[in-house]
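Colleague: Below you'll find the structure I mean.
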Amino acid sequence: MSRLKELREYVDEELNQLPEDKRVSATAHLYGVSLAATILAKKRDLDEELAAMAGMLHDLHAYKSGSYDDHAHLGAGLARNILEKLDLTTMEETDTICSAIYHHDDKLVTDSPMDELLKDADVIDHCFKDSSKAVKEKEQVRYEKLCEELGLN
Ligand SMILES: [Fe+2]
Ligand SMILES: [Fe+2]
């Protein structure tokens with residue numbers, strides 16, 4: 001089984017414990033960000049598998065706890081525990097994934113390429129899952145840069 005599939009099976013089990021209304025939106029978002037992250041990784045010549053794995057884990061803490069308070073930082077710790085338990089990644093890969101999750105809510109600053117990739121994948125899912133909705137102010141600049149990068153203007 002691929003590492004990504006194994007991680008997804010673990011995340012699916014965690015999500016199955018949520019009430020149905022939350023489970024559906026949480027699953028859609030984590031898989032949506034994971035897909036967007038894969039596409040951006042291919043475009044930016046970054047590791048597609050690690051990008052997809054970061055997407056699958058990035059908001060899990062918020063869903064499990066029911067709170068977005070400090071969810072990026074707390075989520076990085078949760079992701080580290082999960083990755084160490086599953087033993088799918090090297091220490092360096094775990095650090096890369098956890099750094100991206102740690103920084104993913106800092107949409108107004110620029111961090112490492114993989115950190116930026118996860119922020120952008122999050123913005124893609126937020127903005128494109130219902131394009132009739134207005135783009136949030138804090139995501140506007142990233143959204144416009146992404147449209148330019150992907151030739152969507
Ligand atoms: Fe988040
Ligand atoms: Fe998210």
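The values are calculated or read from the model by the stated rules, or taken from the named source; none is laboratory data. Computed from a prediction, not measured in an experiment: that's the story for all the values here. Positions of Cβ are backbone-derived with ideal geometry, glycine not excepted, and every protein chain shown enters the neighbour counts. Ligands, DNA and RNA are excluded from the accessible area calculation, which covers all protein heavy atoms including side chains. Shrake-Rupley method; radii C 1.70, N 1.55, O 1.52, S 1.80 Å.
Colleague: (1) more than 16 Å from ligand 2 (Cβ to nearest atom); (2) over 30 Å from Leu152 (Cα atoms); (3) more than 16 Å from the chain's Cα centre (by Cα): which one isn't true of Leu7, the others all being true?
Modeller: Leu7 satisfies every listed condition except (3).
Colleague: Of everything in the stretch 102-112 that's out of contact with any Ser or Thr (no Cβ under 9 Å at 6 or more places or on another chain), of a type outside the set (Asp, Glu) and surrounded by 13 or more Cβ atoms within 10 Å (Cβ to Cβ), which residue is nearest to Arg80 (Cα to Cα)?
Modeller: Out of the qualifying residues, it is Tyr102.
Colleague: Looking only at the stretch 106-151, filter to residues that are among the polar types (S, T, N, Q) and either within 12 Å of ligand 2 (Cβ to nearest atom) or free of Cβ contacts under 8 Å to residues at least 12 places away in the same chain (or both); which one of those is nearest to Ala51 (Cα to Cα)?
Modeller: By that ranking, first place goes to Thr110.
Colleague: Considering only the stretch 1-12, how many residues are of a type outside the set (Ser, Thr, Tyr) and either surrounded by 15 or more Cβ atoms within 10 Å (Cβ to Cβ) or outside any helix (DSSP H, G or I) (or both)?
Modeller: Residues that pass the stated criteria total 6.
Colleague: Which pairs do you get when a residue that is of a type in the set (S, T, N, Q), found in the stretch 83-105, comes within reach of a residue that is outside any helix (DSSP H, G or I) and open to solvent by 10 Å² or more (accessible area, probe 1.4 Å), reach meaning Cβ atoms under 7 angstrom, with the pair 6+ apart or on two chains?
Modeller: Final answer for the pair search is Ser99/Ser112.
Colleague: Can you pull out the residues in the stretch 60-70 that are closer than 17 Å to Leu30 by Cα and open to solvent by 10 Å² or more (accessible area, probe 1.4 Å)?
Modeller: Answer for the stretch 60-70, where residues must be closer than 17 Å to Leu30 by Cα and open to solvent by 10 Å² or more (accessible area, probe 1.4 Å): His61, Tyr63, Lys64, Ser65, Gly66, Ser67, Tyr68.
Colleague: Please determine, by comparing only the residues of the stretch 13-44 that are under 19 Å from Leu88 (Cα atoms) and more than 15 Å from the chain's Cα centre (by Cα), which one is least open to solvent (accessible area, probe 1.4 Å).
Modeller: This residue is Glu14.
Colleague: Within the stretch 79-96, work out how many residues are open to solvent by less than 70 Å² (accessible area, probe 1.4 Å) and away from ligand 2 (no atom under 14 Å from the Cβ).
Modeller: Adding up the residues that qualify gives 8.
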